[in-house]
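In what follows, a structure is listed as structure tokens, so that the remarks can point back to it.
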């Protein structure tokens with residue numbers, strides 16, 4: 001039976017899936033963060049730029065679709081978070097905007113700023129975008145200072161529904177160590193995935209050795225950040241929705257969510273095992289290059305599980321630390337039943353989309369990228 | 001209290017982003033068709049020359065494509081960052097096409113663009129051609145969904161206001177996708193892209209002719225582009241005609257502003273420029289009937305009765321009914337849990353006046369009139385340039401057919417200089433569409449001042465100037481790169 005509640009949960013599942021895919025595809029950003037660290041000379045840097053450059057539009061599109069899906073399914077989040085945490089989202093967008101043009105511009109004659117500037121833009125996007133996105137997602141667990149009053153529409157002079165309670169408009173999130181830890185975790189994960197992707201996608205032994213070194217460092221830092229985040233997450237007070245709809249603080253809420261939803265816990269653990277296995281196998285076996293195909297899906301699963309404990313099991317996924325009752329839940333922030341149902345029908349096309357992306361990805365990446373190929377074909 | 005400066009700067013920022021975005025998108029739409037046609041000829045004929053032609057235009061396409069993507073992502077998120085009230089109030093309807101655009105169109109563009117650009121030699125000829133067409137079709141499908149959303153804003157259909165959730169909710173998806181305003185807007189926008197692509201290709205090709213180089217490439221490109229452009233322009237004209245009829249029906253103030261028509265009536269005259277009119281022509285354009293009634297700005301503000309007896313209320317009455325609707329909404333919210341009978345009565349009053357809900361936020365009748373001078377002249381620039389460019393393309397195609405184009409230096413110059421004009425026409429078109437519907441974000445339901453986010457004016461000013469700097473920098477760089485690439489040329493003449 002397709003109930004309104006089912007549709008809300010289904011759309012949160014799709015948001016979680018898109019979030020997971022987005023973090024996986026942030027390997028593009030992570031790879032770019034290594035342009036100057038792992039790429040020691042022009043040849044290696046060119047390989048890095050062209051390796052991530054053949055996938056950047058998928059990451060970009062996933063980000064846009066993630067935003068669009070949130071707009072369609074949970075518009076109150078779109079309105080409250082984007083309009084409130086103004087500066088965080090604007091900063092994220094600006095880094096992506098610079099990335100979008102940098103591939104195309106960096107090696108072209110007449111680009112005004114020179115190749116190095118555009119590669120620096122790519123590197124900045126590579127570090128800042130995952131860091132900022134991660135920090136913003138961290139607030140799903142710690143809360144933000146906003147208020148929502150739908151009745152404001154009845155006030156002719158001041159009809160704005162969602163308001164942010166401070167002038168920092170989202171930048172205050174960095175004052176909460178958990179959020180920053182979450183951001184650092186996502187950034188290090190993206191860099192690790194970037195290294196893994198390029199080890200598989202580029203055929204250059206010297207660069208591969210440098211990428212393995214970068215992977216070791218970034219994954220080590222990732223594990224430290226992960227440990228910090230997990231300890232905090234499982235012990236912190238969470239935003240629970242009681243049976244009467246009242247939002248209350250509950251000690252260990254996210255731990256309870258894992259325990260009360262064993263399938264989500266299993267998803268997280270399978271994701272974590274795959275993620276770690278991909279890295280460990282890549283670092284321990286020199287000839288092993290396909291770590292990205294373990295760690296990538298592992299990332300998708302683990303991130304999905306994190307979204308699920310943020311939104312499922314009577315949890316406010318975008319909490320207001322100012323007034324708990326203004327917190328956003330799946331039920332109070334979602335679209336109408338008709339819209340969710342219509343969009344659910346549209347979502348049936350997603351497997352088809354994933355299938356043709358996978359088909360052409362495979363076709364294009366059958367052979368690893370080499371300098372010889374770059375010199376004899378189209379390149380950035 | 002919503003500051004008027006906040007509304008003004010938020011509008012300016014959105015207009016800036018949309019204006020820049022619309023510099024890059026039309027070329028993507030038009031060039032995609034031209035280069036895909038050239039590649040099709042290559043696949044059919046097996047002549048490497050056409051492959052090189054297609055590859056050259058693809059190179060320019062890729063440079064332009066990236067900046068279109070960069071400005072596009074800002075546009076999408078500005079609905080949330082700067083128009084948060086709008087995002088909730090109509091997100092139930094507006095969000096859906098945006099998400100479908102992402103799922104259906106953007107992934108198609110992203111996947112096939114990579115195959116088109118990097119897939120030479122990696123996939124078969126036919127698969128590559130398929131990818132090239134799919135990139136262009138993806139761009140057009142993307143236009144479908146964003147224009148479903150935009151068409152709905154101009155002529156809201158298929159929804160109901162729900163005072164419990166405080167938003168408009170979709171009740172008929174089919175009504176959205178068959179909205180006549182969307183249909184004419186889609187064809188008008190996409191085919192204007194064909195015009196842009198065609199003029200771009202013709203202009204650059206004529207530059208090669210002026211420089212006496214790449215002659216075969218230039219003439220071949222002109223042939224393909226001129227045909228695409230002429231087909232596109234006729235489609236623009238037909239869809240423009242139906243746009244006018246729809247504006248007359250659903251957005252009469254926009255039409256009156258575009259005509260500078262203060263006092264309307266039957267057999268309304270069409271103003272070519274101030275002082276030069278064609279009697280009865282506006283009635284024909286707006287209603288397809290020389291005796292059709294077209295209201296002017298004063299009629300719309302004062303209220304009017306059409307010859308067939310339909311009565312339209314004055315601005316004051318609409319504002320009053322809007323205020324009644326908002327007051328009834330507030331009362332309903334207050335009483336719904338405590339006094340169901342009183343709440344039901346408030347609901348009845350609300351339902352009775354809900355069509356005028358947005359007017360409740362309007363302070364005076366003057367607010368209901370868009371910037372008449374700007375819309376009037378933008379309309380003339382759009383139509384005038386559109387006609388001139390059609391004439392140019394027809395003459396260019398005729399000259400090429402008669403083998404006289406290489407000798408007609410004046411025509412080559414005219415074609416080259418027409419490149420900025422096609423962009424001017426496109427921008428003017430968006431001014432007519434978007435400035436013409438002010439003060440409404442959603443026609444009649446939500447004015448801009450009730451749609452903004454609660455951020456400081458200083459914050460929006462800061463981001464506005466950041467975007468001005470960033471977009472202008474990108475535009476300058478793109479133009480420099482394009483010029484360098486054009487100067488370098490396709491280098492196919494030695495073949």
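The values are calculated or read from the model by the stated rules, or taken from the named source; none is laboratory data. Just so we're clear, the structure is a prediction, and the values are computed from it rather than from any experiment. So basically every Cβ, Gly included, is an ideal-geometry build from the backbone, and we count neighbours across all protein chains shown.
Assorted remarks:
- Any hit, the stretch A:175-190, residues being at positive phi, under 21 Å from the mean Cα position of the chain (by Cα) and not in a helix (DSSP H, G or I): no
- Verdict on residue A:58 being at the interface with another protein chain (Cβ under 8 Å from one of its Cβ atoms) and surrounded by fewer than 24 Cβ atoms within 10 Å (Cβ to Cβ): yes
- Residue within the stretch A:160-167 that is part of a helix (DSSP H, G or I) and surrounded by 23 or more Cβ atoms within 10 Å (Cβ to Cβ) present: no
- Wholly enclosed helices (runs of 4 or more DSSP H) of the stretch B:339-450 bearing at least 1 residues within 29 Å of residue B:31 (Cα to Cα) and free of Cβ contacts under 8 Å to residues at least 40 places away in the same chain: B:372-401, B:409-435
- Test: residue in the stretch B:328-351 that is closer than 28 Å to residue B:260 by Cβ and either assigned by TED's automatic domain parsing to the domain that holds residue B:422 or crowded, with 18+ Cβ neighbours inside 10 Å (or both): no
- Flag for residue A:77 being within 14 Å of chain B (Cβ to nearest Cβ) and touching a strand residue (DSSP E or B) at 6+ places or on another chain (Cβ under 6 Å): yes
- Filtered residues of the stretch B:258-291 (kept if in contact (Cβ under 8 Å) with a residue 24 or more places away in the chain, in a loop (DSSP other than H, G, I, E, B) and surrounded by fewer than 22 Cβ atoms within 10 Å (Cβ to Cβ)): B:260, B:262, B:263, B:267, B:288, B:291
- Selection from the stretch B:479-495 of residues that are within 13 Å of residue B:67 (Cβ to Cβ) and either at pLDDT below 95 or within 7 Å of chain A (Cβ to nearest Cβ) (or both): B:480, B:481
- Checklist (1) out of contact with any strand residue (DSSP E or B) (no Cβ under 8 Å at 6 or more places or on another chain); (2) crowded, with 24+ Cβ neighbours inside 10 Å applied to residue B:91, failing item: (1)
- Filtered residues of the stretch B:2-23 (kept if crowded, with 19+ Cβ neighbours inside 10 Å and without any contact (Cβ under 8 Å) to a residue 60 or more places away in the chain): B:21
- Single residue of the stretch B:105-124 satisfying the filter (touching a residue at least 40 places away in the same chain (Cβ under 8 Å) and either under 19 Å from the mean Cα position of the chain (by Cα) or more than 7 Å from chain A (Cβ to nearest Cβ) (or both)) that is surrounded by the fewest Cβ atoms within 10 Å (Cβ to Cβ): B:105
- Within the stretch B:452-465, being more than 7 Å from chain A (Cβ to nearest Cβ) and within 20 Å of residue A:99 (Cα to Cα) holds for B:464, B:465.
- For the stretch A:290-299, the condition of being over 22 Å from the mean Cα position of the chain (by Cα) and either crowded, with 21+ Cβ neighbours inside 10 Å or within 11 Å of chain B (Cβ to nearest Cβ) (or both) holds for none of the residues.
- In the stretch A:100-122, residue nearest to the other protein chains (Cβ to nearest Cβ) [restricted to those that are part of a helix (DSSP H, G or I) and surrounded by fewer than 21 Cβ atoms within 10 Å (Cβ to Cβ)]: A:117
- Condition check for residue A:90: facing another protein chain (nearest Cβ under 8 Å), in contact with a helix residue (DSSP H, G or I) (Cβ under 6 Å, 6 or more places away or on another chain), outside any loop (DSSP other than H, G, I, E, B) and at pLDDT 95 or above: yes
- Scanning the stretch A:346-380 for residues that are part of a helix (DSSP H, G or I), within 24 Å of residue A:43 (Cα to Cα) and at the interface with chain B (Cβ under 7 Å from one of its Cβ atoms) turns up just one, A:364.
- Taken together, the criteria exclude residue A:140 from residues that are within 14 Å of chain B (Cβ to nearest Cβ) and either over 24 Å from residue A:34 (Cβ atoms) or part of a helix (DSSP H, G or I) (or both).
- Residue-level check: of (1) modelled with pLDDT under 95; (2) in contact with a strand residue (DSSP E or B) (Cβ under 8 Å, 6 or more places away or on another chain); (3) more than 7 Å from every other protein chain (Cβ to nearest Cβ), residue B:168 misses just (1).
- Residue check for residue B:60: touching a residue at least 60 places away in the same chain (Cβ under 8 Å) and within 14 Å of chain A (Cβ to nearest Cβ): yes
- Test for residue B:35: is it part of a helix (DSSP H, G or I), modelled with pLDDT of 95 or more and more than 11 Å from chain A (Cβ to nearest Cβ): yes
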